[in-house]
Amino acid sequence: MTDDRSPETIAASNGMAADKAFRAVAPPLYLASSYAFGGFEQAGTYEYGRTRNPTRDQLAETLAALEGGAGAVVVASGMAAVDLVLSRLNPGETILAPHDCYGGTQRLLAMRANKGQFNLALVDQTDENALDAALARRPALVLVESPSNPLMRVVDIAAIAGKAHRVGAALAVDNTFLSPALQKPIGLGADFVIHSTTKYLNGHSDVIGGAVVAARAEDVTELAFWANLTGVTGSPFDAYQTLRGIRTLFPRIEHQQRSAGAIAAFLAGHDGVAAVYYPGLPGHPGHEIARRQQAGFGAMLSFEIAGGPLAVKRFAEAVRVFTLAESLGGVESLVAHPATMTHLGMGEAARAAAGIKDSLLRLSVGLEAEGDLLADLAQALEAARPHETGRQRAFGT
């Protein structure tokens with residue numbers, strides 16, 4: 001059934017004032033692990049919390065409505081969501097994944113492949129020839145991460161969906177970096193949308209969770225079966241917190257991406273910065289694709305600092321408004337060093353192949369005042385400068 005409400009309305013009010021017991025406006029939290037039968041062999045809608053829970057179901061319904069899917073399955077983490085999609089694959093089948101995907105995803109793919117659970121092909125999906133060659137292997141599943149973590153590479157989701165479907169592959173898109181507020185992969189042809197709900201959907205850095213939204217009802221049923229069977233379904237309290245976070249998703253991300261655009265422009269013009277990766281910059285290779293398939297450019301960006309490892313260390317120790325920490329998408333601004341933090345487990349060779357340099361820093365822009373964020377970056381970049389010797393600095397002009 002088509003939902004004709006705007007996404008902003010769905011996020012703010014889905015499930016509100018639906019409590020039939022006490023007419024509570026805010027949806028109640030159901031923590032019960034088990035539910036009474038109406039009588040012998042008279043099971044109700046809910047029997048056992050691992051299988052179904054009213055709070056978790058309400059989050060799933062909201063996510064499905066926001067993404068335009070047939071339904072969703074809420075699980076315990078973003079990695080559990082990725083693994084749930086992988087459960088569809090059989091030994092001998094192939095998954096085609098980005099060579100620069102999130103380090104945790106790449107480790108999971110490699111470990112599953114090493115156990116013989118499927119074959120793995122890692123490819124630069126921005127290289128059309130390499131992508132077509134990999135698709136010629138007729139994979140069962142194509143995984144897309146757009147924008148990619150951490151280099152913000154953008155791919156044409158609709159084009160890849162068409163190619164994947166022509167060879168009989170399903171398409172799964174990790175939409176964590178943008179959320180349904182800025183990108184809706186199912187409308188572009190995706191079969192599955194993956195989220196770490198820890199990030200923008202919850203938005204307050206106090207929940208670990210994940211979800212998979214499916215375009216078809218039969219796939220929702222299959223995923224729900226496997227989630228229940230393996231016990232990876234999310235907790236009711238985390239679902240409650242995430243649903244509360246979604247209420248402010250649209251105003252949060254609008255403010256955050258506005259500041260991110262200003263920060264990207266500032267960094268692009270700074271002589272202490274060697275490169276900036278943000279799809280909102282006109283010079284970004286994926287700018288036109290992002291402008292076409294996204295409702296905004298998001299609040300994630302990365303940059304390479306000039307001056308070598310010592311400059312990275314000085315910058316990370318000098319920030320005051322930004323916090324040196326992993327994760328992203330919260331109300332607070334974070335800086336991460338992928339090579340020693342989020343992507344350390346990939347290994348040096350895999351990072352080099354993906355283009356993740358030791359000089360790369362990733363920013364998650366929060367809700368602080370834009371001026372404070374810019375001032376913090378300016379002073380940290382100044383602190384990162386090598387000492388001047390003579391009339392020249394150690395890096396460029």
Original post:
All but one of (1) surrounded by fewer than 18 Cβ atoms within 10 Å (Cβ to Cβ); (2) free of Cβ contacts under 8 Å to residues at least 40 places away in the same chain; (3) under 30 Å from residue 138 (Cβ atoms); (4) of a type outside the set (A, V, I, L, M, F, W, C) hold for residue 206; which doesn't?
Top reply: (3)
Subject >> Selection from segment 99-141 of residues that are part of a loop (DSSP other than H, G, I, E, B), out of contact with any strand residue (DSSP E or B) (no Cβ under 7 Å at 6 or more places or on another chain) and either among the aromatic types (Phe, Trp, Tyr) or surrounded by 21 or more Cβ atoms within 10 Å (Cβ to Cβ) (or both) >> reply: 100
**OP:** Could you tell me which numbered condition residue 260 fails, if it satisfies all but one of (1) under 18 Å from the mean Cα position of the chain (by Cα); (2) part of a helix (DSSP H, G or I); (3) under 13 Å from residue 60 (Cβ atoms); (4) aliphatic (A, V, I, L, M)?
**Re:** (3)
**OP:** Give 51, 55, 45, 62 a once-over and let me know the one that is out of contact with any Lys or Arg (no Cβ under 9 Å at 6 or more places or on another chain), of a type in the set (Ser, Thr, Tyr), closer than 27 Å to residue 195 by Cα and part of a loop (DSSP other than H, G, I, E, B).
**Re:** 51
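Condition test on residue 289, is it under 27 Å from residue 203 (Cβ atoms), in a helix (DSSP H, G or I), outside the structural domain of residue 197 (by TED's automatic domain parsing) and in contact (Cβ under 8 Å) with a residue 60 or more places away in the chain?
Values: under 27 Å from residue 203 (Cβ atoms): yes; in a helix (DSSP H, G or I): yes; outside the structural domain of residue 197 (by TED's automatic domain parsing): yes; in contact (Cβ under 8 Å) with a residue 60 or more places away in the chain: yes.
Yes; evaluated as a whole, the condition is true for this residue.
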Subject >> Neighbours by Cβ (under 8 Å, 6+ apart or cross-chain): first from segment 153-179, over 20 Å from residue 83 (Cα atoms); second part of a helix (DSSP H, G or I) and acidic (Asp, Glu) >> reply: 163/132
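The values are calculated or read from the model by the stated rules, or taken from the named source; none is laboratory data. The model shown is predicted, which means the values in this text are computed figures rather than measured ones. Methodologically, a virtual Cβ is constructed for each residue, glycine included, from the backbone with ideal geometry; neighbour enumeration extends over all protein chains shown.
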